[in-house]
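What follows draws every value from the coordinates through simple rules; no lab data is involved. Keep in mind the model is a prediction, meaning the values are calculated, not measured. Here the Cβ is made from the backbone with ideal geometry for all residues, glycine too, and neighbour counts use every protein chain on show.
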Amino acid sequence: MTAELVLQIVLTVAAGLIGVGLFGALSQQTIVMVMMGLELVLNGVLLAGGAAWYFLAPELPDAQVLVVVALVVMAVEMAMGFAVTVAFYRARQLDMIDMASDLRG
Amino acid sequence: MLSDLSGWAITAVAILGVLSVAAGVAVFVVDSMARATFALLASFLAVAGILLALDLVYLAVVTALMMTIEMAIMAVFMIMFMMNPAGLMPMTMVHNAKGSAAVGAGVFVLLAVGIWTIDWPTMNPVRPDDSTRQLGEAIMGSHMLVMLVIGIGLFATILAGTVLATARGRYDRLGPGLDAEHPDDPVPGGLRR
Amino acid sequence: MPEQTLAEAWGLVPAVLGIVAVGVVLGVVVAAVDRVVVFGASGAVVEPIRSSARLLAEQRRTTLAPDRLLWRIGCVAVPTLALLSLAVVPVAGRTLWSTSADLVWFNAMEALLWAAVWLVGWGPNAVHALTGGYRFLAQGLAYELPLMFALITAGLAAGSLRTTDVVAAQEALWLVVTMPVAFVVFVAGAAAFAFWGPFAAPAEADIAGGVTSELSGVDRLLVEAGRAVFLGASAAMAAALFLGGDSGPWLPGPLWHLLKTLAVVAALVWVGRRMPVLRPDRTVEVGWMVLVPLTLLQALVVAVLVLTGFYA
């Protein structure tokens, strides 16, 4: 099996994760589930970054650094997401994003 | 050109890939919030397994470490906020499911077309001896700016998250004159300050 | 360069079986030492084996509407993770498999335990078990960061995250001499993630056994054995990282490592059994306000020593 074929299979898996995550982030009504969708998207990014490093440019560290940044973005997203959920729940006893539509600017 | 990956590794990557997407789908299918959280964790662990096969040991292990802790915390929040934590009363909490499915599928098709039509430059890359060392030297050397920005970003996140999540200020803790001997906290903490 | 791993030296299947056997022996040793400290010497080695056999034969009881899938996963995961963490502990100078990030691997297996223990608490759909699971998470938040810093300090001195490199770096001087804080934090962290001794609040009597309250038969055996193997593996890891591993005069290396592991187990059990159980709501503040600064200071001292060429 050629390296290119393996790369394409792995990237297709990453695209699948991104597609599923996007579906979840757009369709779910509760904030925590929306975050899980976003996490799945970032999971796809992790995989694509790792595959890009291994098959395309292992001599450069850039793809690895990209994966580290994606991991940090996940951590920040989680922390801020939970903080917003807690603040929102404290204010309104709600955790549904549809109930926050009045926050639209 | 043959890939450096052995047949075993390719098989493992394929199985783990299917597993990660299947677990990702399960997140939005299962009723129980605990199961949804741990399905997401399974998806992360499958991706970590693929990274392990791709010789990215450090990133694989760090992904597993961070995501497990995240998901354990996530489970607490899921059960705290969701109406149906254990899936004993099935309910759907979605909006615009068809449109979202169309967007998700559309993005997947778009990416897949790109992935399978581009001529990828996979010719004879030079592999480093140790991917962990390569990453370490990059973030402490040529890519240090990235690390600095990450550090400041995480610090800002800690502050902003705490400010958003807590409803109590110093006057709640130490009284109107800020002169209470011991702060009045809902959970006293271990140091008897 | 990395030396041969056990898997390369013995073949994969014998090496894995060997590590499993070492894990089981370490678990029995921890249980036996615990019994000696608590009850005196009678039947110390036989009793853990006898009660294991009894649990194997015991019929499982169940609860109303348990989440059986997650419960089973959690119970199986605890001993599996303990054995996986043992994969990067040097046995007879070699690890089962060697990566460039062994220390992070060990840490990740222990982090996966967060999920496993919480699942053991969640699975039976019972209030005491779930309370135990939440207590474990609360304690986890307290011990995780100091434990990470302790592990990374050892890697910092050796200039490598590979456990065999860390052992090799201690030929002249045991690392515990320059990093006593990291050593103590590591051993305390080991007790904490096995929720044992003073950190046993997740399985304490005030919540009827907590995460273990609804376990029976094979499930209880798996979780209890997993805790014991985790303690034994951590003691072996502590001996390898901080006490020079297999270095020592006269005796062969593996025997020295075994003796040091036994000494760590004995000290851990002897001290741990003499301390009261800490309240889990008190641990986070201690972890973050005392242990995190202390371990960071320890890492700073070691970093300065590395720059002066002390470990070279």
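Rounded to whole numbers, the Karplus 3J(HN,Hα) couplings from phi for the stretch A:20-29 are 4, x, 5, 4, x, 4, 7, 9, 6, 9 Hz, using 6.51 cos²θ - 1.76 cosθ + 1.60 with θ = phi - 60°, and x at Gly and Pro. For chain B, the spread of Cα coordinates along the three principal axes comes to 75, 51, 29 Å, biggest extent given first. Between B:Glu181 and B:Leu145, full extension at 0.36 nm per residue minus the direct alpha carbon distance yields a gain of 8.6 nm. Among C:236-243, B:110-117, sorting by the average number of other beta carbon atoms lying within 10 angstrom of each residue, highest first, gives C:236-243, B:110-117.
The separation of the stretch C:180-200 from the stretch B:13-61, counted between C-alpha centres, amounts to 30 Å.
At full extension, B:Glu137 and B:Lys98 could sit 9.4 nm farther apart than now, given 0.36 nm per residue minus the alpha carbon distance. Each principal axis of the Cα atoms in the stretch C:6-307 has its own extent, and those three values, largest first, are 59, 44, 37 angstrom. Considering only DSSP states other than H, G, I, E and B, which trypsin sites (Lys or Arg not before Pro) in the stretch C:224-281 qualify as loop sites with at most 16 other Cβ atoms within 10 Å? Those satisfying the criteria are C:Arg273, C:Arg274.
Between C:Val304 and C:Val177, the contour length at 0.36 nm per residue exceeds the alpha carbon distance by 44.2 nm.
Averaged across B:9-18, how many Cβ atoms of other chains sit within 10 Å of each residue's Cβ atom? Kindly include the intermediate steps, with their values, before the conclusion.
Details: counts 1, 5, 0, 0, 5, 4, 0, 3, 8, 2.
So the per-residue partner count for this stretch is 3.
Across peptide B:114-125, the mean count of Cβ atoms from other chains lying within 10 Å of each residue's own Cβ comes to 5.
Taking other Cβ atoms within 10 Å as a rough exposure proxy, C:Glu285, C:Glu110 sort from fewest to most as C:Glu285, C:Glu110. In order along the stretch C:291-307, the phi-based Karplus estimate (6.51 cos²θ - 1.76 cosθ + 1.60, θ = phi - 60°) of 3J(HN,Hα) comes to 6, 4, x, 4, 5, 5, 4, 4, 5, 5, 4, 5, 4, 5, 4, 4, 5 Hz; Gly and Pro are listed as x.
Alpha-carbon geometry of the stretch A:3-99: the Rg and the Dmax are 16.3, 53 Å, given in that order. Volume of the convex hull of the protein assembly as shown (Cα atoms only), normalised per residue: 180 Å³. Within the listed set B:Leu174, B:Leu154, B:Leu59, the Gaussian network model of chain B (springs between alpha-carbon atoms below 10 Å) gives the highest mean-square fluctuation for B:Leu174. Principal-axis analysis of the Cα atoms of chain B puts helix B:97-117 at an angle of about 40° to the longest axis. Packing here is the average count of other Cβ atoms within 10 Å per residue, and on that basis the peptides C:52-61, C:190-199, highest first, run C:190-199, C:52-61. Of all the options C:Leu141, C:Leu86, C:Leu161, the one that moves most in a Gaussian network model of chain C with Cα springs shorter than 10 angstrom is C:Leu141. In chain A, the longest principal axis of the Cα atoms and the axis of helix A:62-92 are about 10 degrees apart.
Exposure proxy for B:Asp185, B:Asp119, B:Asp55: other Cβ atoms within 10 Å of each Cβ, ordered fewest to most, give B:Asp119, B:Asp185, B:Asp55.
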